[in-house]
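Input: a single structure, listed below in structure tokens.
All of the numbers you see were taken from the coordinates with simple rules; none came from a lab. This one's a predicted model, so the numbers in the text were calculated from it and none came from an experiment. Every residue, glycine as well, gets a Cβ built from its backbone with ideal geometry; the counts of neighbours run over all protein chains shown.
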Amino acid sequence: MSIFNNFKNPNYNNKIIIAGPCSIESYDQTIQTFDNLRKNKISFFRAGVWKPRTKPGGFEGLGEIALQWIEKYKSYWNNISFCCEVANREQTLLALKHGIDAVWIGARTTSNPFLVQEIADTIALTQRDLPVFIKNPTCVDIDLWEGAYLRFMNCGVTNLAFVHRGFKAYKETNYRNNPLWRYALQIHMKYPEVPMICDPSHIAGDSKYIREICQKANLYGYDGFMIESHYDPTIAWTDAKQQITPNELGQLLKELGNDMKNENEILLENYRKDVDSIDMQILELLRSRFEVTNRIGEFKRKNNIQVFQGNRFMELVNNLKQLNKIPESLIDEIWGSIHEESVREQNEIFMKKDEKTT
Ligand code: PEP
Ligand code: MN
């Protein structure tokens, strides 16, 4: 059984919720962000320790010192789990040395089979049961995504989840990355037992689209969310535009829960309306059936034919059973009762004859 079952959050429809800043920037930012996030009772805190930058010159993460802050923060609190991105053997060993509870493979790393293999081998040798989140590669190459999953599986690292963070958009779109849901759903359908997590922050690139992306992921039955959250996104060193505050995250998770409840309630209401309408039809048909059997009763009275015809009833029930629509025992029960009522009504009709003649 997957270790991720322990991280399904009953407060949020059993989704796995991962949240935290794009990058660790300072000890103060670590404390302020996680102190506020703790109120949301999420499954994993995320934090970027090494940042894979597409072009050189940007902030590339603080490295080991950030891991030390996380370790220190963890020592103050029970039951909190942290994950960070690792992109090679050395980073993986450092993350494990500082007690990181899970790692994720970034979109740029998933694209590189050598690095994926190196990380998989390292985890297999040191902490085989470590949960690993595998982001989709930046390019639309689903085989690379699946290939990364298989590399971990093949060396016995089996606590795996997929993270859908969208694909490099070559055309101008509202979103930073094109979600191309059908590709993520392909892999989700092929490995239904592997949790599929949506990363709306990296799909959106802008906090204003996060809710609509989460709603869509809910409709597709995703198992959780990885959302970037910073105590003050306006001063974030990386991905400032797409991060939300811990309070906004709390609000978002509450709204998503309500959305799901509403969607489910509407669905249930519609099903119930269908059942009500079918029951009305069954009732009308039953009444019509009794009217016909009563006419037969009149016929039997006029021609003095015995009301109860056992053979006819057996034949009718056997014909129905051969259609294989509902269990045979149910046919016996339902048509047994219907027949009993028909015989009762026909007998009443017979009694009327007796009343007339006496
Ligand atoms: C991140 O999660 O901060 C990150 C760099 O993501 P991705 O690999 O999806 O670009
Ligand atoms: Mn980021």
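The loop-placed trypsin sites (Lys or Arg not before Pro) in the range 136-234, going by DSSP, that have at most 12 neighbouring Cβ atoms within 10 Å of their Cβ come out as K171. Summarising the label geometry, the points placed 7 Å from Cα in the beta-carbon direction at N88 and D276 lie 6.6 nm from one another.
Each of I18, I3 was scored by other Cβ atoms within 10 Å of its Cβ. Arranged with the fewest first, they read I3, I18. In the chain, the DSSP-assigned H stretches of four residues or longer account for a calculated mean residue ellipticity at 222 nm of -17500 deg cm²/dmol, using -39500 (n - 2.57) per stretch and the full residue count as denominator.
Computed about the Cα centre, the dipole magnitude for the chain is approximately 360 debye when only Lys and Arg (+1) and Asp and Glu (-1) carry charge, each at its Cβ.
Lysines within cross-link reach of K208: Cα-Cα under 16 Å, excluding same-chain residues under 8 positions apart? K208 reaches K216, K241. In the range 1-122, a dipole from Cβ-located charges (positive for Lys and Arg, negative for Asp and Glu) runs towards its positive end, and of S75, I16, T109 it is I16 whose Cα lies farthest in that direction. Alpha carbon centre of the range 140-171 versus the range 267-317: separation in Å? Between the Cα centres of the range 140-171 and the range 267-317 lies a distance of 59 Å. If I take R0 = 35 Å and measure r between the Cβ atoms of K190 and S337 in this structure, what FRET efficiency does the formula 1/(1 + (r/R0)^6) give, to the nearest 0.05? Efficiency for this residue pair is about 0.15.
For the chain, the equivalent ellipsoid derived from the alpha-carbon gyration tensor has semi-axes of 65, 22, 18 Å in decreasing order.
Working from Cα pairs under 8 Å separated by at least six residues, relative contact order for the range 103-238 is 19 percent. Which of rounded, prolate, oblate describes the range 159-235, given a ≥ b ≥ c as roots of the alpha-carbon gyration tensor eigenvalues and a/c under 1.5 marking rounded, otherwise prolate only if a/b is larger than b/c? The shape class here is oblate. By the count of other C-beta atoms within 10 Å, a proxy for reagent exposure, D279, D239 are ordered fewest to most as D279, D239. Given Cα pairs under 8 Å that are at least 6 residues apart, what percent is the relative contact order of the chain? Worked out over the chain, it gives 13 percent.
Backbone geometry of the range 75-81 corresponds, through the Karplus equation with coefficients 6.51, -1.76 and 1.60 at θ = phi - 60°, to 3J(HN,Hα) couplings of 5, 7, 10, 8, 6, 10, 10 Hz, x marking Gly and Pro.
Length available on full extension from L150 to N294: 0.36 nm per residue minus the Cα-Cα distance, which gives 44.9 nm. Mean sequence separation of contacting Cα pairs (under 8 Å, at least six apart), scaled by the length of the range 1-97, corresponds to a relative contact order of 26 percent. Putting +1 on Lys and Arg Cβ atoms and -1 on Asp and Glu Cβ atoms, find which of M226, F167, Q215 reaches farthest to the positive end of the dipole of the range 141-278. After comparing all options, I get F167. Classify the range 52-170 as rounded, prolate or oblate, taking a ≥ b ≥ c as the square roots of the eigenvalues of its Cα gyration tensor: rounded when a/c is under 1.5, otherwise prolate if a/b is larger than b/c and oblate if not. Verdict is oblate for the range 52-170. Among F162, F313, the ranking by other beta carbons within 10 Å of each residue's beta carbon, starting with the fewest, stands as F313, F162. Calculated on the alpha-carbon coordinates, the convex hull of the range 280-358 measures out at 96 cubic angstrom per residue.
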